[in-house]
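Computed from the coordinates by the stated procedures, all read-outs in this text should not be read as laboratory data. Please read these numbers as outputs of a predicted model, since none were measured by experiment. Neighbour counts are summed over all protein chains in view; Cβ atoms, including those assigned to glycine, are modelled from backbone coordinates with ideal geometry.
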Amino acid sequence: MCVRHEPPGLSGDALDTHTLAWVRRINESGRAYLTPAMLDGRWMVRVSFGVETTQHEHVVQLWSLMQETAN
């Protein structure tokens, strides 16, 4: 799935810059690895769960990490 954090007042290139910085912070944390992706000409963060051993707790941990690093 593709997601993007959209803080109030950001759009266009500023939102793209925010999105790329957000995914960089997530990846640099070492707790998860997400891929930046272009969708309709704008940067998004691609989240993929491809391992059969992924459990609900892993998804919850990722969501928490994404929220922590959004600002």
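Placing a label point 7 Å from the Cα of Gln61 along the Cα-to-Cβ direction, the residues of the range 25-53 with a backbone N closer than 18 Å are 26-35, 47-53. Can you pull the percent of Cα pairs in the chain with separation above 18 Å? Tail of P(r) above 18 Å: 37 percent of Cα pairs.
The chymotrypsin sites (Phe, Trp or Tyr not before Pro) of the range 10-50 that meet both conditions, a loop assignment by DSSP and at most 16 other Cβ atoms within 10 Å of the site Cβ, are Tyr33, Phe49. For the chain, modelled as a GNM with alpha-carbon contacts under 10 angstrom, which of Thr54, Thr35, Thr17 fluctuates the most? Evaluated over the chain, the most mobile residue of the options is Thr54. Computed about its Cα centre, the charge dipole of the chain is approximately 80 debye, with only Lys, Arg, Asp and Glu carrying charge at their Cβ.
For the range 2-68, relative contact order (Cα pairs under 8 Å, six or more residues apart, normalised by length) works out to 32 percent.
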